1. Scanning the range 263-293 for residues that are open to solvent by 10 Å² or more (accessible area, probe 1.4 Å) and either in a helix (DSSP H, G or I) or under 15 Å from Lys215 (Cα atoms) (or both), which turns out farthest from the ligand (Cβ to nearest atom)?
2. Condition first: in the same structural domain as Thr274 (by TED's automatic domain parsing), acidic (Asp, Glu) and within 25 Å of Phe300 (Cα to Cα). Can you find one or more residues in the range 139-158 that meet it?
3. Could you list all residues from the range 84-109 that are farther than 20 Å from Ser169 by Cα, in contact (Cβ under 8 Å) with a residue 40 or more places away in the chain and not β-branched (Val, Ile, Thr)?
4. Within the range 109-166, which residues are under 18 Å from Gly281 (Cβ atoms), modelled with pLDDT of 90 or more and of a type outside the set (A, V, I, L, M, F, W, C)?
5. Can you find, within the range 239-262, the residue that is modelled with the lowest pLDDT among those that are crowded, with 18+ Cβ neighbours inside 10 Å and under 22 Å from Tyr317 (Cβ atoms)?
6. For Tyr212, state whether it is within 14 Å of the ligand (Cβ to nearest atom), among the hydroxyl-bearing types (Ser, Thr, Tyr) and touching a residue at least 24 places away in the same chain (Cβ under 8 Å).
7. If I ask for residues that are open to solvent by 50 Å² or more (accessible area, probe 1.4 Å), free of Cβ contacts under 8 Å to residues at least 60 places away in the same chain and within 29 Å of Leu222 (Cβ to Cβ), which ones from the range 305-335 would you list?
8. Can you tell me which residue within the range 175-194, out of those that are within 13 Å of the ligand (Cβ to nearest atom) and either loosely packed, with under 13 Cβ neighbours inside 10 Å or within 15 Å of Gln150 (Cα to Cα) (or both), is farthest from the chain's Cα centre (by Cα)?
Amino acid sequence: MKEKIKGIENEISVFDINNVESLEKFRIHFLGSKNCIKDLFAELKSVPNEEKKEIGQLMNALRTSAQEKFDSSKIRLENSASDDTKIDLSRPADQIEIGSRHPLSLVRSEIIEIFNRIGFTVSEGPEIEDDWHNFSALNFPPEHPARDMQDTFFIEKGETEMALRTHTSSVQVRVMENEKPPIRTISPGRVYRNEAISARAHCFFHQVEGLYIDKDVSFADLKQTLLYFAQEMFGEKAQIRLRPSYFPFTEPSAEVDVSCTICNSKGCNVCKYTGWLEILGCGMVDPNVLEASNIDSKAFSGFAFGMGVERIAQLKYRVNDLRLYSENDVRFLKQFSSGM
Ligand code: PHE
């Protein structure tokens with residue numbers, strides 16, 4: 001019996017385990033359900049009683065050494081296997097999809113940064129406005145036809161009639177009511193107008209309006225500020241021209257064109273062969289507007305301007321259909337970089 005045990009012991013120690021197959025062979029032979037050590041245990045019955053203890057211990061030791069060899073060989077094989085599939089540190093990482101910023105957010109941030117650099121702060125206000133802030137304080141008398149310039153969505157709210165703001169000039173009224181000059185602020189935000197949705201019009205869009213009130217603010221200050229803006233936004237070669245216009249809250253008023261950046265003013269279908277693109281409305285704040293917000297119009301003057309973010313984005317990215325900005329089509333949205 002001892003001989004047999006020795007034999008198996010020898011077999012275990014010389015068994016060469018160098019791959020997964022030989023490991024499995026070893027397991028079946030020495031540790032499987034019908035293994036050779038089990039067979040020996042079956043023979044234990046025939047061993048004389050006085051030797052049973054000793055032989056039993058030898059056989060247990062045999063089983064332990066088979067198990068130990070199996071365990072250590074398995075670990076060794078696993079480690080060497082992972083050596084073959086070592087991590088390749090030069091491999092480029094998987095791309096993380098972080099999305100991209102909306103073109104209107106990109107352009108709005110750029111406009112804000114440009115005006116921040118010359119001291120304009122950002123003001124915000126409610127999208128649901130009362131008549132005073134959206135119209136009356138801005139020199140729109142009741143029943144005045146100028147109210148029809150901006151088709152309004154009205155909302156019934158209790159006694160008072162409210163409306164979705166048609167421009168962010170309403171925010172500027174709130175600033176004038178709450179702050180003393182000098183005031184230098186821009187108000188970015190969403191505005192609403194009751195228009196049929198098409199490539200060129202939408203029932204909502206985004207504006208950035210600016211207001212500067214101080215002693216001796218002149219039309220020259222307005223022109224220079226807008227030229228600075230145009231050159232920061234469209235490049236240093238950009239030029240502006242002002243055409244007389246009308247707004248109830250400014251006098252004089254003007255519409256501002258920027259030289260067509262697409263064809264360098266040579267004439268193309270975007271600028272309709274004029275060399276100019278309309279980008280904003282502006283003017284000197286009407287004294288009535290200052291007085292309505294309790295600002296002394298004899299002591300202070302100011303200018304205001306307002307632009308559509310979609311319009312600037314259209315010129316920057318050549319997106320001609322306004323509807324694309326609000327349809328959330330990822331094929332459109334992912335074309336704009338996230339790192340601007
Ligand atoms: N509030 C005007 C609009 O929405 C824009 C504007 C602002 C014009 C300030 C002049 C001065 O059309």
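The values are calculated or read from the model by the stated rules, or taken from the named source; none is laboratory data. Small disclaimer: the values here were computed from a predicted structure and weren't measured. Heads up, the Cβs are rebuilt from the backbone with ideal geometry, glycines too, and the neighbour counts pull from every protein chain shown. Each accessible area value is taken on the protein alone, full model and side chains, heavy atoms only, with ligands, DNA and RNA left out. Shrake-Rupley method; radii C 1.70, N 1.55, O 1.52, S 1.80 Å.
1. Looking at residues that are open to solvent by 10 Å² or more (accessible area, probe 1.4 Å) and either in a helix (DSSP H, G or I) or under 15 Å from Lys215 (Cα atoms) (or both), I get Glu291.
2. Residues of the range 139-158 in the same structural domain as Thr274 (by TED's automatic domain parsing): 139-158.
Within this subset, residues satisfying the condition of being acidic (Asp, Glu) are 143, 148, 151, 156.
Filter once more, so that each one left must be within 25 Å of Phe300 (Cα to Cα): none.
No: zero hits.
3. If the condition is that a residue be farther than 20 Å from Ser169 by Cα, in contact (Cβ under 8 Å) with a residue 40 or more places away in the chain and not β-branched (Val, Ile, Thr), then Gly99, Ser100, Arg101, His102, Pro103, Leu106 are the ones that fit.
4. Selection gives Asn134, Asn139, Arg165, Thr166.
5. Only one residue tops the list, namely Thr261.
6. On the way: within 14 Å of the ligand (Cβ to nearest atom): yes; among the hydroxyl-bearing types (Ser, Thr, Tyr): yes; touching a residue at least 24 places away in the same chain (Cβ under 8 Å): yes.
Spelling it out, Tyr212 is indeed within 14 Å of the ligand (Cβ to nearest atom), among the hydroxyl-bearing types (Ser, Thr, Tyr) and touching a residue at least 24 places away in the same chain (Cβ under 8 Å).
7. Result: Arg311, Arg318.
8. Step by step, filter the range 175-194, then rank; the result is Arg193.
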